[in-house]
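These notes concern the structure reproduced below.
The values are calculated or read from the model by the stated rules, or taken from the named source; none is laboratory data. All figures in this text were calculated on a predicted structure; none of them were measured in a lab. Here the Cβ positions follow ideal geometry from the backbone for every residue, glycine too, while neighbour counts run over all protein chains shown.
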Amino acid sequence: MSNQEQLLELVKKRYTGDVYSFMDEGEEAKKTGNQKESALSKEDEKRIMESEKDYKAALAYIKDIISPAFMQVFPDKIKINNTFAKTFFIYGYPTFLEGNWLSPVINWDVKYDMSFYVYPIESAYIQKYLRKRLTQLNSERSINADKWLVNDPALEAQIQDVEELRQKLTRGEEKYFHLGLYITIYAEDEDKLNKIGKDIETILSGRNVLQKQSFLRAEQGFISTWPFARDELGVYRNMSTGWLSTTFPFSSSTLSHDNGILYGINTHNNSLILFDRFRSENANMCVFAKSWGWKSFAVKLEILRSLMMGTDVIVIDPENEYRPLVDTVGGSYLDVSLNSGQRINPFDLPLGLKDQEEKPGDLLRSAVINLLGLMNLMLGKMTAEEEAIMERGIMTSYSLKGITLEDDTADGKEVPIMKDLQDVLETMDGAKSLVTRLEKYTNGIFSWIFSQPTNIDLKEGLQVFSVRDLDEILRPTAMYVILNHIWNKVRSSNQRRMLVVDEAWNIMQHDDSAKFLFGLVKRARKYNLGITTITQDVEDFVGSTYGKPIITNSSIQLLLKQSPASIDVLQNIFKLTDQEKYILLNASVWQGLFFAGSEHVGIQVVASFYEEQVITTNPNAKK
C-alpha cells in the first residue's frame, strides 16, 4: 500500500468513528517487535494534523452560525436571545386516562415543544415489584381484618388492579414502561410566558394530570425537549401499554384526501385541508357568513380548483360576481333578464334518467308537477279549485302539441310555451282569475321572459346564470325555472358536477321554490351532483320550513365570520362549543370553521396572488 493510500485510509478511519492515534499505531508496532519506521513520513503526519485542524475549525464555524447570540439561565426559565422559555414536567396521572386526553395540548395555538421518553421495563423486574406490592397490600388487608375494621374500598381496588396487571403481564397482553413527558413553552416577554404557563396548568389540571416547573433545572428541561434525545430531567412514571397508548400525540383533527382540492390550512395544527367533497356521505355544502365575510371568495376559490380536477360547475349568480371567473377560465355566461335574448322555456320535458328508459308519459307527469309549483310562484298561492283547473290546462296545452300520457315517444314534437297555456285557460270555465294573473307573463311587463322556446344549452366546464338584472319580484320564479332546467340536464348523465346557489335566502323566502331546492339537495347524491348553498341571512334561511332540512342533508358546512345577531342561531343548529362560537365572532379575513361529517376543524382559506386577482369580491381591489 502506498503512502498516499495509507494516508486516505487513516483519514477515513479517523472521521468515521474508527479512531485511533498515530502514537497508538507506533506503540503497537513496537510491541510486535516491528522496528521499521512508521509508514507515514513526518510530512504526511503534518498534513493530516493540519486537515484535522481545518475540519474542527469549520465545524466550530457552523455551530457559531446556528447558535444563538447568548443564553441566560434563571432558576425557573432561560432566555435565548430575546425569547423566554420555561419547561414543565408531568409527575402524576389520574387513576383513569381517557383516550385522546392530550388533544387540547396538541391543538393548543401557542408556540411550544413537547418530548416523550419511553423506557421499556423487563417483565421479570416488574413482576418482582408487583409481587412485593401485592404482599404489602394483602398484609394491610389482613391487619384491618384482625382489628375488625370495615374493608377499605380503595385498598380492595388497588389489590384488584395489581392482580389484573400481573395476569396481563404473564400472558403478554401488557408490557411495562417508564414515561417521561416534558413541555417547553416560549414567549417574547415574561408576562406572556407566565400567562401561557397558567393556561397549560389549567388544561392539564382539568384532567387531573399533575405538573411542575423545572425549578433550578431550567437548562436541563430545555435540552430534554429539544431533538437531542437526551433526557436530562429523568422524571418519569410507570405506565402499562394501555395507559401509554392514550398519550398518542397525533390525535388532532385532520382532513386530507389523496384526490382532494386545497380548501385551506387547518388552524388547529397547520396541516393542509385537502378534501374531496364527492367522497363524503353526500357532496352538498352550506356556506354561512355575514356580509363581507368572504363567503363568495371561498366558494369561487373552490370552483377554480374543482375545474382543474375535471368537475363541471354551474352557478346561479345574483350579483354578477362570477363574470371575471368566466372571462379567465372560459365557459358560458348566461344573462337571465327581461332585456336578454337568452330564454328558458319552463314547459320543456325533462330528459330521461341516466341508464334508464322512461316513457314520455312519465316525463310529462314530472313536467306537470314542476309547472304547478312554478305557477304557485308566478300567480300567487292557488286554491285547490284553481290548481285543478291549472293542471287540466297544462295537460291540454301538451296534448294540443301531440304530447300525451299514452305516447310512445316525444322526439321531434314541439313543446308548448306560456302563451299556449293562456290560450287554453281562456276557453275553460272558472279560469278567468288565472288568465288575468298569467297575462303579465305573456303580454304584460314580464312578457317573453318565460314565454319563448329555450335557446341555451348547458355545456361542460363553467356555466353561470346571472339574475342580477331581474326585478326582485321575478328572482324566485327565475331561480325556480333555472334550477329545474339544470336538474333536467344533470339527471341525464353521470358527469361530476357542482351547483352553486349564491344568496340562497332569495329562494327560501317562498315555500314552493324552497321545497324544490330541498328536493334537489336530497336527490343530488344519486346523480353525482354536489349543491352549495350560500347565504348571509342565516335567520331567514333556517326560518324556512326547508332551511334546516337542507342543512342536515349537507355533509359539509363552511362557517366564516358571523355577526353577534346570528351567532346564537348557528350555535343552536350546529351545536357549537363556546370556543367555536368565539372563533366565528372574532375571525379575521378568510378564517372560520370547516365541518365535514363529524370532523370539525378551524380553517384559514388561502389563495395565491393570481387566484386572488381573479376571484376577489372587493370592488376596491386593484386588478
Residues (in contact (Cβ under 8 Å) with a residue 40 or more places away in the chain and of a type outside the set (A, V, I, L, M, F, W, C)) located in region 221-245: Gly221, Ser224, Thr225, Asp231, Gly234, Tyr236, Arg237, Asn238, Ser240, Thr241, Gly242, Ser245
Those residues of region 321-342 which are at pLDDT 85 or above and not β-branched (Val, Ile, Thr), in sequence order: Glu321, Tyr322, Arg323, Pro324, Leu325, Asp327, Gly330, Gly331, Ser332, Tyr333, Leu334, Asp335
So, in region 161-205, of the ones that are without any contact (Cβ under 8 Å) to a residue 60 or more places away in the chain and among the small types (Gly, Ala, Ser), which residue ends up surrounded by the fewest Cβ atoms within 10 Å (Cβ to Cβ)? Gly172
Exactly one of Asn284, Asn270, Asn320 is without any contact (Cβ under 8 Å) to a residue 12 or more places away in the chain, closer than 22 Å to Trp590 by Cα and of a type outside the set (Val, Ile, Thr), and that residue is Asn270
Looking at Glu386, Glu391, which is the one that is closer than 17 Å to Lys440 by Cβ, modelled with pLDDT of 90 or more and surrounded by fewer than 20 Cβ atoms within 10 Å (Cβ to Cβ)? Glu386
Looking only at region 283-304, filter to residues that are among the polar types (S, T, N, Q) and more than 15 Å from the chain's Cα centre (by Cα); which one of those is surrounded by the most Cβ atoms within 10 Å (Cβ to Cβ)? Ser296
I need the helices (runs of 4 or more DSSP H) fully contained in region 456-525, keeping only those with at least 2 residues that are under 26 Å from Leu301 (Cβ atoms) and modelled with pLDDT under 85. 475-490, 505-508
Among Val481, Val467, the single one that is farther than 17 Å from Met395 by Cα and in contact with an Asp or Glu (Cβ under 8 Å, 6 or more places away or on another chain) is Val467
Given (1) buried (at least 16 other Cβ atoms within 10 Å of the Cβ); (2) part of a helix (DSSP H, G or I); (3) in contact (Cβ under 8 Å) with a residue 24 or more places away in the chain; (4) in contact with an Asp or Glu (Cβ under 9 Å, 6 or more places away or on another chain), Ser433 misses just (1)
For region 555-593, which residues satisfy the criterion of being of a type in the set (Gly, Ala, Ser) and outside any loop (DSSP other than H, G, I, E, B)? Ala565, Ser566, Gly592
Going through (1) in contact with a strand residue (DSSP E or B) (Cβ under 7 Å, 6 or more places away or on another chain); (2) crowded, with 22+ Cβ neighbours inside 10 Å; (3) at pLDDT 90 or above one by one, Leu307 fails only at (2)
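Matching residues to (1) surrounded by fewer than 10 Cβ atoms within 10 Å (Cβ to Cβ); (2) assigned by TED's automatic domain parsing to the domain that holds Lys111; (3) within 19 Å of Ile196 (Cβ to Cβ); (4) at pLDDT 75 or above:
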site: Ser38; (1), (2), (3), (4): no, no, no, no
site: Asp44; (1), (2), (3), (4): no, no, no, yes
site: Arg47; (1), (2), (3), (4): no, no, no, yes
site: Glu50; (1), (2), (3), (4): no, no, no, yes
site: Lys53; (1), (2), (3), (4): no, no, no, yes
site: Asp76; (1), (2), (3), (4): no, yes, yes, yes
site: Lys79; (1), (2), (3), (4): no, yes, yes, yes
Search result, residues across region 211-236 that are exposed (fewer than 14 other Cβ atoms within 10 Å of the Cβ) and outside any loop (DSSP other than H, G, I, E, B): Lys212
State yes or no: is Glu406 assigned to a helix (DSSP H, G or I), touching a residue at least 12 places away in the same chain (Cβ under 8 Å), in contact with a helix residue (DSSP H, G or I) (Cβ under 8 Å, 6 or more places away or on another chain) and not assigned by TED's automatic domain parsing to the domain that holds Leu304? no
If I go through region 510-524 residue by residue, how many of them are closer than 12 Å to Arg491 by Cβ and out of contact with any Gly (no Cβ under 9 Å at 6 or more places or on another chain)? 3
Got a number for residues in region 68-88 being free of Cβ contacts under 8 Å to residues at least 12 places away in the same chain and more than 21 Å from Met114 (Cα to Cα)? 2
Does Gln127 satisfy the condition of being assigned by TED's automatic domain parsing to the domain that holds Lys198, loosely packed, with under 15 Cβ neighbours inside 10 Å, in a helix (DSSP H, G or I) and of a type in the set (S, T, N, Q)? no
Quick check, is Ser142 without any contact (Cβ under 8 Å) to a residue 12 or more places away in the chain and of a type in the set (Ser, Thr, Tyr)? yes
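Conditions (1) surrounded by 16 or more Cβ atoms within 10 Å (Cβ to Cβ); (2) of a type in the set (Asp, Glu); (3) more than 50 Å from the chain's Cα centre (by Cα); (4) not assigned by TED's automatic domain parsing to the domain that holds Leu364, marked per residue:
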position: Glu414; (1), (2), (3), (4): no, yes, no, no
position: Leu421; (1), (2), (3), (4): yes, no, no, no
position: Leu438; (1), (2), (3), (4): yes, no, no, no
position: Asn443; (1), (2), (3), (4): no, no, yes, no
Scanning region 113-124 for residues that are at pLDDT below 90 and surrounded by 12 or more Cβ atoms within 10 Å (Cβ to Cβ) gives Ile121, Ser123
Can you give me the number of residues within region 558-583 that are over 13 Å from Phe288 (Cα atoms) and either of a type in the set (Asp, Glu) or buried (at least 16 other Cβ atoms within 10 Å of the Cβ) (or both)? 6
Where residues in region 318-343 are touching a strand residue (DSSP E or B) at 6+ places or on another chain (Cβ under 9 Å) and of a type in the set (A, V, I, L, M, F, W, C), which of them is farthest from Val501 (Cα to Cα)? Val329
Within region 479-503, can you find the residues that are within 9 Å of Ile316 (Cβ to Cβ) and not β-branched (Val, Ile, Thr)? Met479, Leu483, Leu499, Asp502, Glu503
